[in-house]
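The values are calculated or read from the model by the stated rules, or taken from the named source; none is laboratory data. Quantities reported herein were computed from a predicted structural model and do not represent experimental measurements. Quick note on the areas: whole protein, heavy atoms, side chains included, nothing else; ligands and nucleic acids left out. Shrake-Rupley method; radii C 1.70, N 1.55, O 1.52, S 1.80 Å.
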Amino acid sequence: MFNQHAKWLKVTRKLGWRKPVSSLNYLLSSHVWRQDHNGYSHQYPGFIDHVANKKADIVRIYLPPDDNTLLWVGDHCLRT
């Protein structure tokens with residue numbers, strides 16, 4: 001679904017009559033993914049790897065290292 005949303009954003013930016021679309025904020029709260037056939041796989045970067053292949057005008061990835069940076073990132077995402 002994310003990939004389709006990114007394609008839609010790319011197309012709508014070329015339409016002069018369309019207003020800009022608000023950002024899609026996706027909070028990834030864990031890097032441990034459940035796999036039905038294999039139990040848990042730790043630090044599987046599949047989603048971030050997929051998102052990182054998009055251009056910067058479509059996607060931004062924030063990986064805050066501490067609490068203060070997390071507060072700034074949260075504020076920034078909600079304001080932009």
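Data table
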item: Area accessible to solvent at residue 9, 1.4 Å probe radius, in Å²; result: 20
item: Heavy atoms of residue 58: accessible area, 1.4 Å probe, square angstrom to 10; result: 40
item: Heavy atoms of residue 18: accessible area, 1.4 Å probe, square angstrom to 10; result: 90
item: Accessible surface, 1.4 Å probe, highest first, among residues 72, 8; result: 72, 8
